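The values are calculated or read from the model by the stated rules, or taken from the named source; none is laboratory data. As the structure is a prediction and not an experimental result, all values here were calculated from the model. Positions of Cβ are backbone-derived with ideal geometry, glycine not excepted, and every protein chain shown enters the neighbour counts.
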């Protein structure tokens, strides 16, 4: 299917119209619809699937916010926009858009308050154990390694993973991301936004002078043209499920499971590129290594050569990125019985996932090296070095925090995480802080906006849980508002 635009003069009949047309009804699209509707304009969302949600409904539900939100204060934590900005600047990657980081940090408290006005509930309870997310309904957690090396020395740490309260969560089926989307969708439609489901975006319609004036889509196997009187907002996700784009831009994700939905097919990005839009960070991705963070933090993570690769108390997603991008997704978690028992005690008894099991168990590191196919003596040397300093509660090699540093003693368990990574793309259309899509000369393309993973957001290589839902909703609001104002 071509991404080339259609000129408005070629459209013989408009099958629908609105002031603002939004492509995609995930978190960014819902926020854009609310942002536009409150300006008093007619809003139409088009969605490929048969219901709202996108990838957000499958997400754990973290929204990355800080600067001193009411939830942070209620849980006894002090935070400032400056500290949040300094963390994001260090953690989001070397090419992060500092203007977006500054806006996001400065207005994060207001955005949290906006979410609560939309009905999103948060319980004032802090979850303090290592995990991908709280198994219960606790509302706040460290979700980016803010309290670990190197970030704890760069900015005063504060937990910024804000999790909507939800009973009977089923991670991967219906988690707190569903609860977030349920309230945003209700607010969008109560605000007057209309929705057209089973309508798959194809390409943009442009008028004389290059102004975007609508979209071409397919609805129930028929092509439809939908006019946008003021603007179009692209919020259709990234390109995790476009194999050619992944091969070209993020080859480390080739052949790996995508942590997204199949609607993240890059169509919106390519359609905007076809009218001259610039892109940023297409090489960037987030990755998860599929094992228990409680095991990793109490043990050591080593590569295929038996060498430690990172401080294991950091954000688990950083461990996944490290293994995927620098070690060909080849890694092991080595832990002892005391550490494994402690991790098991932290694990929720009602978890849907079966507890991880070690691939090998033994007292003899040489035998384990042989089973793991690492160079003889390499793992033994790594464990010896780690234990030498751990006896003093230190980790001068990777700077894991002292509470998690303890000598490993036989018997050892080795968890095989080779190839057990999945991920999603982070790069997309280059936009300004208001959501306007920029062309290759840095000029705004008239009446075209983008947000969520369709746009290059605050993550430019690094990541923290909650950034996608956080910047998607934050900049989605702005994009919708800007489109409504024309």
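Condition first: within 34 Å of the chain's Cα centre (by Cα), assigned to a loop (DSSP other than H, G, I, E, B) and exposed (fewer than 13 other Cβ atoms within 10 Å of the Cβ). Can you find one or more residues in the stretch 313-333 that meet it?
Restricting attention to the stretch 313-333, the residues satisfying the condition of being within 34 Å of the chain's Cα centre (by Cα) are 313-333.
Retained after the next criterion (residues that are assigned to a loop (DSSP other than H, G, I, E, B)): 313-315, 327-330.
Filter once more, so that each one left must be exposed (fewer than 13 other Cβ atoms within 10 Å of the Cβ): none.
Looking through the stretch 313-333, none of the residues is within 34 Å of the chain's Cα centre (by Cα), assigned to a loop (DSSP other than H, G, I, E, B) and exposed (fewer than 13 other Cβ atoms within 10 Å of the Cβ).
Quick check on this structure: which one of 21, 109 is assigned to a strand (DSSP E or B), in the same structural domain as residue 162 (by TED's automatic domain parsing) and either more than 24 Å from residue 316 (Cα to Cα) or in contact with a strand residue (DSSP E or B) (Cβ under 6 Å, 6 or more places away or on another chain) (or both)? Please lay out each step first, then the result.
Numbers: 109 fails: assigned to a strand (DSSP E or B).
Only one candidate passes the filter, namely 21.
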* Structure fact -> Flagged in the stretch 259-287 as surrounded by 21 or more Cβ atoms within 10 Å (Cβ to Cβ) and assigned to a strand (DSSP E or B), in numbering order, are 277, 285, 286, 287
* Structure fact -> Selection from the stretch 151-186 of residues farther than 22 Å from residue 75 by Cα, part of a helix (DSSP H, G or I) and within 17 Å of the chain's Cα centre (by Cα) yields 178, 181
* Structure fact -> Considering the stretch 220-244, residues that are under 29 Å from the mean Cα position of the chain (by Cα) and free of Cβ contacts under 8 Å to residues at least 24 places away in the same chain, and then whichever is surrounded by the most Cβ atoms within 10 Å (Cβ to Cβ), we arrive at 243
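Suppose the filter is buried (at least 21 other Cβ atoms within 10 Å of the Cβ) and either in the same structural domain as residue 486 (by TED's automatic domain parsing) or in a helix (DSSP H, G or I) (or both); does residue 3 pass it?
The answer is no for residue 3.
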* Determine which member of the set 200, 218 is assigned by TED's automatic domain parsing to the domain that holds residue 444, within 26 Å of residue 423 (Cα to Cα), modelled with pLDDT of 95 or more and not in a helix (DSSP H, G or I). => 200
* Scan the stretch 176-224 for residues that are in contact with a helix residue (DSSP H, G or I) (Cβ under 6 Å, 6 or more places away or on another chain) and under 30 Å from residue 162 (Cβ atoms) and jot them down. => 177, 178, 181, 184, 185, 187, 188, 191, 192, 193
* Asked: Which of the residues belonging to the stretch 359-379 are without any contact (Cβ under 8 Å) to a residue 24 or more places away in the chain and not in a loop (DSSP other than H, G, I, E, B)?
  -> 366, 367, 370
* What number of residues within the stretch 69-104 satisfy the criterion of being closer than 27 Å to residue 169 by Cα and touching a helix residue (DSSP H, G or I) at 6+ places or on another chain (Cβ under 6 Å)? -> 1
* Condition broken by residue 367, with the remaining ones in (1) surrounded by fewer than 18 Cβ atoms within 10 Å (Cβ to Cβ); (2) under 30 Å from residue 304 (Cα atoms); (3) assigned by TED's automatic domain parsing to the domain that holds residue 148 satisfied -> (3)
* strands (runs of 3 or more DSSP E) fully within the stretch 394-486 counting 3 or more residues that are within 19 Å of residue 284 (Cβ to Cβ) -> 421-425
* Does any residue of the stretch 100-115 turn out to be closer than 27 Å to residue 437 by Cβ and modelled with pLDDT under 95? -> no
* To do: Would you check which residues across the stretch 121-134 are over 19 Å from the mean Cα position of the chain (by Cα) and either in a loop (DSSP other than H, G, I, E, B) or in the same structural domain as residue 404 (by TED's automatic domain parsing) (or both) and list them?
  => 121, 122, 123, 124, 125, 127, 128, 129
